[in-house]
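Below is one structure, written out as structure tokens, with a few remarks after it.
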Amino acid sequence: MAHVITNEFYKNAWGTEEMRHVFSARTRYQRWLGVLAALARVQARLGIIPQDACDEINRKAKLEFIDLDVVKRRLTAASHTFVPLLKGLEDACENGAGEFLHFGTCTQDIQDTAVSLELIDADAILSRDLLRTEDLLTKLGQTRIDLPTADWLAEVRRHIERAKDMRKYIFVGLIHSSTGTMSGLVAANGDDDKAFAVMEGVMDELGLNPPSIGWSGIRDNFGHYMSVLGLLAGTLGRIANEIDRPSGPENANGARATATLCQIAINNVPLGFQAMISEHERDTRSWRMDWHHLSETSILVAKALNAINDLLEGLETRVECSA
Amino acid sequence: MSHIIDSEFYKRVMGTEEMRAVFDPRKQIQSWLDTVAALAKVQAELGIIPEQAATTIATKANAETLDLSKIVVGEPLSSLLRALREVCGESGQYVGHGVTERDVEDTGTMLEIRDAFGIIFRDLYITEKTLRQLAGKHKMMPMAGRSHNQHGPPVTLGFKLAGWAAETRRNMERMKDLHKRLFVSLNDGETDPSDAVLKGVMAELNLNVPVVGSNSARDHIAEFQNTLGLVAGGIGRIGNEIYQLSRSELFELHEPLGPDYVGSSAMPHKRNAEVSEFVVAQCRIVQQNTALGMQAMLCEQGRDSVLLDRHSIPESCVLLARAMESTKDILADLDIFEDNMRRNMGALDGMIFSEALMYYLAPKLGKQTAHDVVLDACMLAHETRTPVKQVLLNDPVASKIVVEQEMDELMDYSKHIGKCPEQVDQVLAFAEAHEHNDADYLIAGKT
């Protein structure tokens, strides 16, 4: 593991197990399988694919049934990020059920919908921890008049509100076929037009919102998420810096490292904005940057938030002890 | 003027007069003076300072009549207030009574941001209106869809434009969300937010009172800059797409070229989409600047953050204003070449229908098998430069199940635009559901 957020010795200083898990390689593959399984359920319900095929797909859409060594070999040979896993599931499905996999959708439908699911989980972790920060600061404010707790508290509350505003933009899925037109869904249904019902059904299954238009080449949702992470990093870095000063409170250990994580997170945000300048209906030069910055930034910010919460808790304890 | 946004020769293509005026140094000075005058007015009303003092300060707080040569590098605000005190005589002692210079400076900055916000929202509003009209008009016009720069199933021009409209609308809604948090002015934390003076001054300047005083909290100002970054992403994408589709080989869209247009000093035939190129360049700079806004949040006690903002906010606003002004001009008169769109869809001799062919074969072969059959046929079509229909007719497996006439009927662009028109309608409906309060955000300076 060459990256510091996965480094065997330092990973827990640069990230949290919980957030790493959200973005881990196998969690991601399992999500892709989950999207394929949800698609099959909706299509069986609408009579587009046979129920038997749907049942088999749902039985086998688990990593334990997939030969991952074969997937890895195919990844190298095919230079495609998704088809090898799809083939792996197809191989695992018996009685020809594999023929009804991924019926009318494209790679990006599966992958981007899974990213939105990742962001739901990441947001849940960060929002939970932010509420804890708010709680800690509220308590701390009662005793520690030497600290700008009210100021920190106001910023934290604004981040909680920003996260609420963000959700309507980012919790959208994508089941819109190759160029976003739903052409595959239309073609796969034959003459019977159920494209919107399929797309909306999958959104419903997965707890996502249907978008007004296919967004494979429109990336403002992920840019928005990065913006919110960057702003949060700004506050966490600020709190860390204000704790870590010569005249500051007693327990500054770890504060300095936290500010570092925040600097990296902030530096990643413009990548999220750059990815928005994407070409045509799909542009992997934008899309693949997401693989870097969405996960890395989420993991760094999760750690920074945790570290600040621990620091604040430590400060509070000390006051209680000395009282 | 060595900065490109103020260059004597290029300032018109790197900024707009309107946005430069928002950040004009004399206007900045006037905004500080206005803040001080508003403070005096409120303090006089509350009986804190003499009525006469407030009147004198209001009269003298004028950048046109003050001796601005007294402004000193390194302490512009202090030296300005000193100059004001001098000309106010006895009343001078009440200039900036009870507030810090940071309060005055930050309040002035917020007045600038408010003007900039109004201009940017107005331009998004105009852009989105144009895009909605164009999207509706062209919702049935097929053109090549492109994935990884390769042909994918056809889209319609209206679908592409609706994608721009949808993103533009979301950015407008983001600005409305931002508006709730942005327009507070700072106070140094010594003043109670319920303080009558603070409330009065904010009311006088049409700003909101922050829930807690702080000169360190810069998150709302960083959020403003990040929102500029998101707007730049949407506008930059439009510019980039027009630039790409104007290539000689494609020539599907082009920005309007005026009668005096010159494309090249060396190549007289050139028709460069150069305004679109500028749009992309400007948007990239705006996006890069966002990091400075967030870094300013980390500056301890807010000490250095003001300096970072002094660079990034005017630069980003001026560049983005130009990008938006250019985009409005381009869209208002966009050249659309329908014949070329039709011609280009045939570039792969029928392979643009590969997905449709796969689902045509799927009922007989199964979908994954049909995928492999069409994949092999397309590879052979590429290698031998044969239309894919012919390859399928020659294929020992496929030839038994395909019918030439059925394939001919299938391979009609207008039959493969999927749900483009319906999605255009959804985008228009979304915009109609959200436009009711646009007017509230259109007026520069309104909070």
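Specify whether the C-alpha gyration tensor of the stretch A:180-317 places it in the rounded, prolate or oblate class, a ≥ b ≥ c being the square roots of the eigenvalues: rounded for a/c under 1.5, otherwise prolate if a/b is larger than b/c and oblate if not. Before the final figure, lay out each step's value.
Working: a/c = 4.77, a/b = 2.57, b/c = 1.86.
Prolate, since a/c reaches 1.5 and a/b exceeds b/c.
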In nm, to one decimal, how far is the residue A:284 label point from the residue A:46 one, both placed 7 Å along Cα→Cβ?
-> 2.8
Long-range amide H contacts for residue B:140: which residues qualify at under 5 Å (H placed 1.01 Å from N, peptide plane, sequence gap of 5 or more or a different chain)?
-> B:158
Residue-by-residue Karplus 3J(HN,Hα) for the stretch B:114-122, coefficients 6.51, -1.76, 1.60, Hz, glycine and proline x | 5, 5, 5, 4, x, 5, 5, 5, 4
Amide H neighbours of residue B:145 under 5 Å, counting only residues 5+ apart in sequence or on other chains, H built in-plane at 1.01 Å?
-> B:152, B:155
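Can you give the Kirkwood hydrodynamic radius for the stretch B:100-211, in Å, rounded to one decimal and based on Cα pairs?
Numbers: mean 1/r = 0.0581 Å⁻¹.
Answer for the stretch B:100-211: a Kirkwood hydrodynamic radius of 17.2 Å.
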Max mean-square fluctuation residue, GNM over chain B, Cα-Cα springs under 10 Å, options B:277, B:64, B:241 = B:64
Would you list, by chain and number, the aspartates and glutamates whose Cα falls below 20 Å from the Cα of residue A:87, excluding same-chain residues fewer than 8 positions away?
-> A:52, A:55, A:56, A:64, A:67, A:69, A:99, A:109, A:112, B:355, B:372, B:376
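In what sequence, largest accessible area first, do A:65, A:222 appear using a 1.4 Å probe?
On the way: A:65 90, A:222 0 Å².
The residues order as A:65, A:222, largest area first.
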Chains A and B: how much accessible area gets covered up at their contact, both sides added, probe 1.4 Å, in Å² to the nearest hundred?
-> 6000
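Too long at a 20 Å Cα-Cα cut-off: which of B:160/B:270; B:270/B:328; A:60/B:419; A:168/B:139; B:367/B:389?
On the way: B:160/B:270 26 Å; B:270/B:328 23 Å; A:60/B:419 31 Å; A:168/B:139 26 Å; B:367/B:389 18 Å.
Over 20 Å apart, Cα to Cα: B:160/B:270; B:270/B:328; A:60/B:419; A:168/B:139.
When the solvent-accessible surface of protein heavy atoms is calculated with a 1.4 angstrom probe, in what order do B:121, A:100 fall, highest first? Mind showing how you got there, number by number?
Working: B:121 0, A:100 60 Å².
So the residues, ranked largest to smallest area, are A:100, B:121.
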Per principal axis, largest first, the Cα atoms of the stretch A:86-130 extend in Å by 49, 19, 12
Give the long-range amide H neighbours of residue B:272: residues separated by 5 or more places, or on another chain, with amide H under 5 Å away, using H modelled in the peptide plane at 1.01 Å from N.
-> none
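Report, to two decimal places, the Cα Rg of the stretch A:70-165 normalised by 2.2 N^0.38 Å (N = number of residues).
Values: Rg = 23.3 Å, N = 96, 2.2 N^0.38 = 12.5 Å.
Taking the Cα Rg and dividing by 2.2 N^0.38 Å, one obtains 1.87.
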Using a basic spin-label model with each label point 7 Å from the Cα along Cα→Cβ, how many nm lie between residue B:7 and residue B:347?
-> 3.3
Rounded to the nearest whole Å², what accessible area per residue is found for chain B with the 1.4 Å probe?
-> 42
Relative to the longest principal Cα axis of chain B, at what angle does helix B:157-182 sit, 0 to 90 degrees, rounded to 10?
-> 20
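Could you work out the equivalent-ellipsoid semi-axes for the stretch B:12-89, taking the square root of 5 times each eigenvalue of the Cα gyration tensor, largest first, in whole Å? Walk me through the intermediate numbers first.
On the way: eigenvalues 149, 46, 18 Å².
Over the Cα atoms of the stretch B:12-89, the semi-axes work out to 27, 15, 9 Å.
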Fluctuation leader among B:389, B:137, B:367 - chain B, Gaussian network, Cα springs under 10 angstrom | B:367
What distance in nm separates the simple spin-label points at residue A:139 and residue A:77, each placed 7 Å from Cα in the Cβ direction?
-> 5.8
Return the whole-Å distance between the Cα centroid of the stretch B:36-105 and the Cα centroid of the stretch B:347-382.
-> 77
With every protein chain present, what accessible area does residue A:193 have (1.4 Å probe, heavy atoms only), rounded to the nearest 10 Å²?
-> 90
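Per residue, how much space in cubic angstrom lies within the convex hull of the C-alpha atoms of chain A? Before the final figure, lay out each step's value.
Details: hull volume 46.2 nm³, N = 323.
Enclosed volume per residue, from the Cα hull, is 143 Å³.
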Taking chain B on its own, what percent of its Cα-Cα pair distances exceed 32 Å?
-> 53
In degrees rounded to 10, the 0-90 angle between helix A:220-243 Cα long axis and the longest Cα principal axis of chain A is 20
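Using a 10 angstrom Cβ neighbour count of at most 11 plus a DSSP loop assignment to flag exposed GluC sites (Glu not before Pro), which longest range of chain A is free of such sites? Kindly include the intermediate steps, with their values, before the conclusion.
Working: sites that count: A:8, A:94, A:250.
Within chain A, the longest run free of exposed GluC sites (Glu not before Pro) spans A:95-249.
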Which one of B:267, B:110, B:14 has the biggest mean-square fluctuation once chain B is modelled by GNM with Cα springs under 10 Å?
-> B:267
In the stretch B:234-367, with Lys and Arg counted as +1 and Asp and Glu as -1 at Cβ, which of these residues, B:235, B:352, B:299, has the Cα nearest the positive end of the dipole, that is, farthest along it?
-> B:352
Compute log10 of I(q)/I(0) for the stretch B:344-447 with the Debye formula, placing one identical point scatterer on every Cα and leaving out solvent, at q = 0.11, 0.16, 0.23, 0.25 Å⁻¹, to two decimals.
-> -0.48, -0.73, -1.20, -1.33
Sorted from largest down, what three extents in whole angstroms do the Cα atoms of the protein assembly as shown have along their principal axes?
-> 103, 75, 45
Calc'd 3J(HN,Hα), the stretch B:397-409, phi into Karplus 6.51 cos²θ - 1.76 cosθ + 1.60 (θ = phi - 60°), Hz, glycine/Pro = x, comes to 7, 5, 4, 6, 10, 8, 10, 4, 5, 5, 5, 4, 5
Computed ³J(HN,Hα) along the stretch B:230-240: with the Karplus parameters 6.51/-1.76/1.60, θ = phi - 60°, integer Hz and x for glycine or proline, the list is 5, 4, 4, x, x, 5, x, 5, 4, x, 5
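So if we plug the beta-carbon distance of residue A:18 and residue B:375 into 1/(1 + (r/R0)^6) with R0 = 41 Å, what FRET efficiency do we get, rounded to 0.05? Walk me through the intermediate numbers first.
Values: r = 41 Å, r/R0 = 1.00.
FRET efficiency, residue A:18 to residue B:375: 0.50.
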Positive-end residue of A:131, A:106, A:44, charge dipole of the stretch A:11-133 with Cβ unit charges | A:131
Heavy-atom accessible area with a 1.4 angstrom probe orders A:286, B:248, A:178, most exposed first, as B:248, A:178, A:286
Cα gyration tensor of the stretch B:37-149, axes a ≥ b ≥ c as square roots of the eigenvalues: rounded (a/c below 1.5), prolate (a/b > b/c) or oblate?
-> prolate
Rounded to the nearest whole number, the per residue volume of the convex hull around the C-alpha atoms of the stretch B:226-328 in Å³ is 110
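Distances longer than 26 Å among the Cα atoms of the stretch B:242-396: what percent of all pairs is that? If you can, show how the numbers build up before the last one.
Numbers: 6889 of 11935 pairs.
The share of Cα pairs beyond 26 Å in the stretch B:242-396 comes to 58 percent.
What does the charge dipole of chain A about its Cα centre add up to, to the nearest 20 debye, if the Cβ of each Lys and Arg holds +1 and the Cβ of each Asp and Glu holds -1? Each step should come with its number before you reach the end.
Values: 34 positive and 45 negative charges, 123 e Å.
Here chain A has a charge dipole of around 600 debye.
The values are calculated or read from the model by the stated rules, or taken from the named source; none is laboratory data. Since this is a predicted model, take the numbers as computed values, not measurements. A quick note on method: Cβ atoms are made from the backbone with ideal geometry, for glycine too, and the neighbour counts reach across all protein chains shown. Protein only, heavy atoms only, side chains kept; ligands, DNA and RNA dropped before computing areas. Shrake-Rupley method; radii C 1.70, N 1.55, O 1.52, S 1.80 Å.
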